[in-house]
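Where a number appears in this text, it was derived from the coordinates with a stated rule and is not lab data. Keep in mind it's a predicted model, so treat the numbers as computed, not measured. Glycine gets a Cβ as well: all are built from the backbone with ideal geometry, and neighbour counts include every protein chain shown.
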């Protein structure tokens, strides 16, 4: 197991999608587990963290909007920075449900994978990888790994996460 990066990340969640609370709760636990396996400490908070704490807001919405509706590949989320420097990870819950059904995977595991992926963009792996949770377009193999609870970061992406977080105390 990798040593945890000394900088923890506090996550806040807004479920605007109508996703069932049990699915969301299981996904939150899986997000924490996947990042812990990569050596990064995550914590979900119900209230806004202090200003000196690294935090990201995760927003579950029903569907993508704007230009994302016109991309060739179906996306399950998007990561953006606000003009004030806050990270926002959007996850499109109906896309998560569609992929979970199509690939016979538990929706909470697919949701967790989508959240992990978008957070990865905000925490340092800004691009995509040929393998693992940061793959741009998941294949059936990624969905099978997600269903089994073994979809995670590649060794390359873990090294990038650690380097960025250690050298940049706040996103």
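Among bridges DSSP assigns within region 9-165, what percent are antiparallel (round to 5)?
Roughly 25 percent of the DSSP beta bridges within region 9-165 come out antiparallel.
Considering only 13, 60, 102, give the residue with the highest GNM mean-square fluctuation for the chain, with springs between Cα atoms whenever their separation is below 10 Å.
102
Under a GNM of the chain (C-alpha, springs under 10 Å), which listed residue has the highest mean-square fluctuation: 47, 64, 118?
47
Summing -39500 (n - 2.57) over the DSSP H runs of n ≥ 4 in the chain and dividing by its residue number, what mean residue ellipticity at 222 nm do you reach, to the nearest 500 deg cm²/dmol?
After summing the helix terms and dividing by residue count, I get -12500 deg cm²/dmol.
Given the C-alpha centroids of region 98-171 and region 29-54, what is the distance between them in whole angstrom?
First find each Cα centre; the distance between them is then 15 Å.
Given a Förster distance of 30 angstrom, what is the FRET efficiency for residue 166 paired with residue 144, based on the Cβ-Cβ distance and rounded to 0.05?
The pair residue 166/residue 144 has a calculated efficiency of 0.40.
What is the log10 of I(q)/I(0) for the chain, computed with the Debye formula using one identical point scatterer on each Cα and no solvent, at q = 0.13, 0.14, 0.16, 0.20 Å⁻¹?
With no solvent term, the Cα-only Debye profile gives -0.57, -0.67, -0.90, -1.48.
Provide, as a two-decimal number, the C-alpha radius of gyration of region 92-144 over 2.2 N^0.38 Å, N being how many residues it has.
1.08
Suppose a student asked you for the relative contact order of the chain, using Cα pairs under 8 Å spaced at least 6 residues apart; what percent would you report?
24
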